[in-house]
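Only one structure is covered here, and it is reproduced in the block below.
The values are calculated or read from the model by the stated rules, or taken from the named source; none is laboratory data. Please read all numbers here as calculations on a predicted model, not as lab measurements. Neighbour counts are summed over all protein chains in view; Cβ atoms, including those assigned to glycine, are modelled from backbone coordinates with ideal geometry. Only protein heavy atoms, including side chains, enter the accessible area calculation; ligands, DNA and RNA are left aside. Shrake-Rupley method; radii C 1.70, N 1.55, O 1.52, S 1.80 Å.
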Amino acid sequence: MARLLLIEDDPAIRTPLLRALRDRGHAVAAAAAAMEGLQTALAERPDLIVLDLGLPDLDGRELLRMLRAVSRIPVIVATARDEETEMIRLLDAGADDYVVKPFTAAQLDARVRAVLRRGDPGGAETSPALEVGGLRIDQAARTVTLDGTPIELTPREFDLLHHLALRAGQVVTKRELLSEVWQVPYGGADKTVDVHLSWLRRKLGETAQEPRYLHTVRGVGVKLSEPA
């Protein structure tokens with residue numbers, strides 16, 4: 001059972017979703033406005049937040065930025081827009097996943113379970129941290145250091161780097177990254193992989209033209225390896 005927070009102002013959507021998610025075994029709290037949702041999130045610390053963008057007091061994108069400034073609670077955004085640029089903006093702002101309206105409770109429940117699986121370290125408490133050169137990636141604590149200096153990553157950036165570290169020295173395709181990190185099929189959203197890789201490179205102090213850890217193999221994928 002997961003503890004969820006549903007931030008949705010439309011009672012015609014909120015009420016049946018609450019009932020359906022509770023029927024699936026989740027404990028679900030609800031908020032009808034952005035600031036109410038923020039207060040509830042900080043007070044109750046749910047396992048995951050489902051966030052509607054069209055809120056009466058504040059745009060959902062702004063609320064997402066506020067949440068990300070103070071919390072790493074996973075967020076699934078519910079949006080009526082399915083344009084690729086919009087999806088990339090939401091993911092870059094810190095969303096862990098999104099669902100496009102109209103969607104069913106079963107679809108949302110599947111997304112919730114997929115996001116929570118990605119964030120669950122399982123037996124990681126007893127697993128050693130991954131080390132690639134000066135990079136140290138601790139899955140249990142979800143922390144990264146580079147040459148002993150902590151690096152602040154978003155939840156998605158951490159998941160991406162961790163997956164690449166699990167396959168260190170191997171070329172990982174965008175298809176695999178979308179499937180394993182984003183839990184979405186290969187398609188138009190593959191550009192978001194490039195966006196997140198560019199953010200990772202910046203935080204690792206490198207560029208695509210002068211890579212140290214993240215090496216693009218043109219037409220194939222990306223490889224995480226120790227600096228030469």
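Values for this structure:
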read-out	value
Positive minus negative residues near Ile13 (Lys, Arg vs Asp, Glu; Cβ under 12 Å)	-1
In Hz, Karplus ³J(HN,Hα) per residue of region 105-114 (6.51, -1.76, 1.60; θ = phi - 60°; x = Gly, Pro)	4, 5, 5, 5, 4, 5, 5, 4, 5, 5
Unit charges on C-beta of K, R, D, E only; dipole of region 1-151, Debye	380
Crossing angle, helix 155-166 versus the chain [Cα axis fit, 0-90 degrees, rounded to tens]	40
Under 21 Å between alpha carbons - lysine pairs in the chain that sit 8 or more apart or on different chains	6
Average accessible surface area per residue within region 1-144, 1.4 Å rolling probe, Å²	47
The chain: angle of helix 191-203 to the longest principal axis, Cα-based, in degrees nearest 10	60
Antiparallel bridges, percent of DSSP beta bridges restricted to the chain (to nearest 5)	50
Within the accessible area of the chain (1.4 Å probe), percent carbon and sulfur	51
Residue-wise HN-Hα coupling along region 8-16, computed from phi with Karplus coefficients 6.51, -1.76, 1.60 (Hz; x: Gly, Pro)	8, 8, 7, x, 5, 9, 4, 4, x
Ordering of 21-31, 144-154 by packing [mean C-beta count within 10 Å, highest first]	21-31, 144-154
Tilt relative to the chain, helix 60-70 - C-alpha long axis, 0 to 90 degrees, to 10	60
Local electrostatic count at His163 - Lys and Arg +1, Asp and Glu -1, tallied over other residues with Cβ under 9 Å	-2
Rh by Kirkwood over Cα pairs, then Stokes-Einstein D for the chain at 1.567 mPa s and 4 °C, µm²/s	70
Signed unit charges on C-beta, dipole axis of the chain, positive-most listed residue Ala34, Met87, Thr216	Thr216
Highest-MSF residue in the chain out of Asp92, Asp59, Asp47 [GNM, Cα springs under 10 Å]	Asp59
CD proxy at 222 nm, helix term only [per DSSP H run n ≥ 4: -39500 (n - 2.57); per residue of the chain; nearest 500]	-12000 deg cm²/dmol
Simple spin-label estimate for Arg19 and Ser179 in nanometres, 7 Å along Cα-Cβ	3.9
